[in-house]
1. Hey, could you check segment 24-57 for residues that are touching a strand residue (DSSP E or B) at 6+ places or on another chain (Cβ under 6 Å) and part of a loop (DSSP other than H, G, I, E, B) and say which is surrounded by the most Cβ atoms within 10 Å (Cβ to Cβ)?
2. Report, ordered by the first and then the second residue, all pairs with beta carbons closer than 6 Å, sequence separation of six or more or different chains, a first member in segment 47-62 that is over 15 Å from residue 126 (Cβ atoms) and hydrophobic (A, V, I, L, M, F, W, C), and a second member that is surrounded by 20 or more Cβ atoms within 10 Å (Cβ to Cβ) and at pLDDT 95 or above.
3. Could you tell me how many of the residues in segment 182-214 are touching a Gly at 6+ places or on another chain (Cβ under 8 Å), of a type in the set (A, V, I, L, M) and closer than 16 Å to residue 107 by Cα?
4. Could you give me the residue pairs with C-beta distances under 8 Å whose first residue belongs to segment 93-118 and is farther than 25 Å from residue 75 by Cβ and at pLDDT 95 or above, whose second residue is assigned to a helix (DSSP H, G or I) and not hydrophobic (A, V, I, L, M, F, W, C) wherever it lies, and which are 6+ apart or on separate chains?
5. Name the one entry in 143, 119 that is within 14 Å of the chain's Cα centre (by Cα) and among the small types (Gly, Ala, Ser).
6. Among strands (runs of 3 or more DSSP E) lying entirely in segment 209-251, which contain 3 or more residues that are hydrophobic (A, V, I, L, M, F, W, C), in contact (Cβ under 8 Å) with a residue 12 or more places away in the chain and closer than 21 Å to residue 119 by Cβ?
7. Would you mind stating whether residue 140 is closer than 30 Å to residue 41 by Cβ and either small (Gly, Ala, Ser) or assigned to a strand (DSSP E or B) (or both)?
8. Is there a residue in segment 197-208 that is touching a helix residue (DSSP H, G or I) at 6+ places or on another chain (Cβ under 7 Å), hydroxyl-bearing (Ser, Thr, Tyr) and in a strand (DSSP E or B)?
Amino acid sequence: MGLAVRLSLCGLILALPAAAAGWCEPPRRLLPAGADRFDDGLARWRLEAEDPRAVVTATGGVLDIATPAGLSLWWRTPLSGDYVIRFTALPLPAPASAGAHAGRLSDLNMFWNAEEPGGGEPAPRSGAFARYDSLAAYYVGFGANANTTTRLRLYDGRERQLLAGFADGAIAEPGELPMAPHTRLQPDQPVRVEIVSRRPTPADPVHLRWRARGHTVFTRADAQPRLQGWFALRTTASRLQIRDFEILQCR
């Protein structure tokens, strides 16, 4: 499938240190809707790995992912309504099986509100990145391309569109900002990620907030937002340790 990349800045705010909780206001409150403490395996996840040498374990409070190639872990329960996903990720050097990419920090990535174009759960795929181009979803690649890009994309069922991002030097697309410390993976530094998906309102049209280390990296106020679907952790040629995964709903 051909890849078309376009940049749309409509409704976008970048790198704002705004408070996270203002989108869920009283009398509503955040209530638990799902969690994984990673002490009893992968029963809550569906694994898709491009390379059989990938090693994924969930024990002792840690989801440990070490893979030489593309890998996706799909949360088995669909999400809708006003919700937030939170987890902590520790990037570690990629395993020796990654060959030329061994030792790098890269690719803390994720899909959310993902569906097949006609609706329904994403069908199983090989784990190769290009196989997901036919999804309808939002996607963030944080510290991707060997920690040189952080990008927000929209998948519309035909192609993946670059909505906004940060990139180093010559690989930057038109309109992207330079990479900064808060958009890059840091050695031995955990990253607390927060993804907010909510129905827009006249008072607050922002339906997507993506935060890392307390910084609001991306927001969107799209005319036709994606507001439901499935979530997946995604990476390639990397090692990540995930802790304290939780989903809260505002209701």
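The values are calculated or read from the model by the stated rules, or taken from the named source; none is laboratory data. Since this is a predicted model, take the numbers as computed values, not measurements. A quick note on method: Cβ atoms are made from the backbone with ideal geometry, for glycine too, and the neighbour counts reach across all protein chains shown.
1. Top of the filtered list is 38.
2. 55/66; 56/65; 58/38; 62/38
3. Of the residues in segment 182-214, 1 are touching a Gly at 6+ places or on another chain (Cβ under 8 Å), of a type in the set (A, V, I, L, M) and closer than 16 Å to residue 107 by Cα.
4. Filtered contacts from segment 93-118: 104/147.
5. 143
6. On the way: elements: 215-220, 230-235, 238-250.
The strands (runs of 3 or more DSSP E) meeting that bar are 230-235.
7. Yes.
8. no
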